[in-house]
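J.: Encoded as structure tokens, here's the structure I'll be asking about.
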Amino acid sequence: MSERVYIFDTTLRDGEQSPGCSMNLEEKLKMARQLERLEVDVVEAGFPIASEGDFEAVQAISAEIRRPSIAALARTHRMDIERAWEAVKHAAKPRIHTFIATSDIHLQHKLRKSRSQVLDQAVESVKIARDLCEEVEFSAEDATRSDPEYLAEIFEAVIEQGARVINVPDTVGYSEPQEYGALFAYLLAKVANADQAIFSCHCHDDLGLAVANSLSGVKNGCRQVECTVNGIGERAGNASLEEIVMALHTRSDILPYHTGIVSEEISRSSRLLVNLTGTFVQPNKAIVGKNAFAHEAGIHQDGVLKNAQTYEIMTPQSVGITSSTLVLGKHSGRHALSKKFEELGYRLNREEVERAYFFFTKLADQKKEVYDEDLITIIQDGMKIIPDTYKLKYIHSAGGNQELASAVVKLEKAGQLFVESAYGDGPVDAIYKVIDKITGSRGRLLDFSINSVTRGKDALGEVFVHVRIDGRQYTGKAASVDIIDASARAYLNAVNKALHEKSRTRNHARAASA
Ligand code: KIV
Ligand code: ZN
């Protein structure tokens, strides 16, 4: 009989802390809502002691997201654990996830503690956490490079104190599937009270083995898998949620395990994360890459046309990919548009339909053919989740390979117009200089990427920027058939996020001192 495997999603904690993947509070909330639709069992929402922003995000997610458990990470310190509890205590199912390293390398060089000191600290912390919270998870950081006997000893002791989930992280992605599976088999046999806890795997992908290791963990008794959407995470990333779920789903003949994941939400979750972070997935990435279901070779196309099963081991529909067909023309009405969005999985209210329709008619005027991907881009681009302090009203840029580029930009803020001009190394640089001049920001462009949403010279161009402003990194995004317009609006989007953050911090400080 098929056994249940619990999916613990750490996109908003282990994933979010990786370079280029940071999200603000509104973005984290948006992602958490999608994780709830995906029906993950646990959302690890952040590390509350790490920053005020992390704390607020965990608190906001705990207040709104009711179906999954909401976990908050804490080192094995009273202060961390109390802060984590403060952030998750209003969740429907709060969880404190406390961790300490157990390998000799970490003990000697990082913690400078003996094995017995670490054991005592783990036990004491689980006790503190259990006094506050019913669901407590304990992780032995760098477990796969720790002495298995010591691991068994520490796990038995924390289970004795009430830890109900025992996580065995391959923190540095060092393990190999057979070895990782054998570790679970050993621990489950050796830890006397193992039946009182769920054992969990948490694998990093430094050797490209995170998913294989996780599956091996499952085959050897682990029943919680920690993973992230698109496999984002520290260094080479974490085990990818979509790969684990679809492997269990597709190979149920030899893997008799199931998850509660709504697989049709996978593609939408992946796209949303790309949209929020500006971190793309490689085209050949399993399950969610652009080419994952594309058949290019003639023999393959012929086979798929005769019977899709010849070259498809799962259907694109099973992960929520809709076929890219010509959909609507410029004469299509609101009703057809909202029906199409519904088919794509977006249920819009009346106001959202109006806004989407406005953007759709603009696009249909500029572009002959409107595809599903265009509509998804419209909806994600148009439904901004933070207010635009500055709105782009006009841009003119000029340049060429023989002359200095220049730009004139007009922005509006609260009904007031601001016009400035600047020279730059190319039209985009000139525009960014003007935006900085008007808004008073000093943005450092860390990354700029442009992507065509569909094919054809009139395709929508989607621009993502990562910009450092006042020491923090912001993602900006915009789409347009005019790439200069998209470049300007993407940068302005990042600047508006920074201004929003600044005003929120200011209001916070004011409220605290009042
Ligand atoms: O990789 C790791 O060890 C972790 C722990 C904090 C669970 O992320
Ligand atoms: Zn990790």
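J.: What are the pairs, 6+ residues apart or on separate chains, where a residue within the range 121-139 that is closer than 20 Å to Glu226 by Cα and not assigned by TED's automatic domain parsing to the domain that holds Gln224 has its Cβ under 6 Å from a residue that is surrounded by fewer than 18 Cβ atoms within 10 Å (Cβ to Cβ) and at pLDDT 95 or above?
T.: Within 6 Å, no pair qualifies.
J.: Something else: Does the range 265-295 hold any residues that are under 10 Å from the mean Cα position of the chain (by Cα) and assigned to a helix (DSSP H, G or I), and which are they? Step through it out loud before you land on a result.
T.: First, pick out the residues of the range 265-295 that are under 10 Å from the mean Cα position of the chain (by Cα): 269-277, 279.
Those that are under 10 Å from the mean Cα position of the chain (by Cα) and assigned to a helix (DSSP H, G or I): Ser269, Ser270, Arg271, Leu272, Leu273, Val274, Asn275, Leu276, Thr277.
J.: What is the residue count in the range 168-218 for residues that are within 14 Å of ligand 2 (Cβ to nearest atom) and within 16 Å of Glu153 (Cβ to Cβ)?
T.: Qualifying residue count for the region: 1.
J.: Return the pair list, or none, for Cβ contacts closer than 8 Å from residues in the range 440-461 that are closer than 19 Å to Asp365 by Cβ and at pLDDT below 85 to residues that are in a strand (DSSP E or B) and among the aliphatic types (A, V, I, L, M), at least 6 apart or on different chains.
T.: From the range 440-461, the pairs are Val453/Ala479.
So that you can scan it fast, the table gives a plain yes or no per residue for (1) assigned by TED's automatic domain parsing to the domain that holds Arg164; (2) under 24 Å from Ala143 (Cβ atoms); (3) of a type in the set (A, V, I, L, M):
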position	(1), (2), (3)
Val211	yes, yes, yes
Ser214	yes, yes, no
Lys219	yes, yes, no
Val225	yes, yes, yes
Asn238	yes, yes, no
Pro283	no, no, no
Ile287	no, no, yes
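J.: Any chance you could count how many residues in the range 9-68 are surrounded by 20 or more Cβ atoms within 10 Å (Cβ to Cβ), among the small types (Gly, Ala, Ser) and assigned to a helix (DSSP H, G or I)?
T.: Going through the range 9-68 one residue at a time, the tally reaches 4.
J.: Only one of these is crowded, with 23+ Cβ neighbours inside 10 Å, within 16 Å of ligand 2 (Cβ to nearest atom) and not in a loop (DSSP other than H, G, I, E, B): Phe138, Phe155. Name it.
T.: One residue alone meets the criteria, Phe138.
J.: Criterion first (surrounded by fewer than 24 Cβ atoms within 10 Å (Cβ to Cβ) and modelled with pLDDT of 90 or more) does Asn507 satisfy it?
T.: no
J.: A further question follows. Exactly one condition in (1) modelled with pLDDT under 85; (2) surrounded by fewer than 17 Cβ atoms within 10 Å (Cβ to Cβ); (3) assigned to a loop (DSSP other than H, G, I, E, B); (4) not polar (S, T, N, Q) is false for Gly303; which is it?
T.: (3)
J.: For the range 461-514, what are the residues that are within 18 Å of Asp429 (Cβ to Cβ) and among the small types (Gly, Ala, Ser)?
T.: Gly461, Gly476, Ala478, Ala486, Ser487, Ala488, Ala490, Ala494
The values are calculated or read from the model by the stated rules, or taken from the named source; none is laboratory data. Values in this document were obtained by computation on a predicted structure and should not be read as measured data. Note that we place each Cβ from the backbone using ideal geometry, even for glycine, and neighbour counts take in every protein chain shown.
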